[in-house]
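To start, the structure under review is shown below, and the notes come after it.
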């Protein structure tokens, strides 16, 4: 059983990590540098990824377990 304390602790740690990341990101952009892990995805690639995820989800919902094979 997951306790309320555990959930709050995870949320606190996650919030702290986001805060640190945002601080590093804003400091990096102020000096004119781009973050090293910045990734951009075209709208066409994003649409294709969304359709792949949706189709995989739908296939997993309508096929019995163990019968889904990806190409």
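The values are calculated or read from the model by the stated rules, or taken from the named source; none is laboratory data. Treat the numbers as computed from the prediction; the structure is a model and nothing was measured. Note that we place each Cβ from the backbone using ideal geometry, even for glycine, and neighbour counts take in every protein chain shown.
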Exercise. Filter region 34-71 for residues that are in contact with a helix residue (DSSP H, G or I) (Cβ under 8 Å, 6 or more places away or on another chain) and either surrounded by fewer than 10 Cβ atoms within 10 Å (Cβ to Cβ) or modelled with pLDDT of 70 or more (or both); which is nearest to residue 21 (Cα to Cα)?
Worked result: 34
Exercise. Using beta carbons and a limit of 6 Å, which pairs, at least six apart or on different chains, have the first residue in region 40-65 and outside any loop (DSSP other than H, G, I, E, B) and the second one modelled with pLDDT under 85?
Worked result: 59/68; 60/68
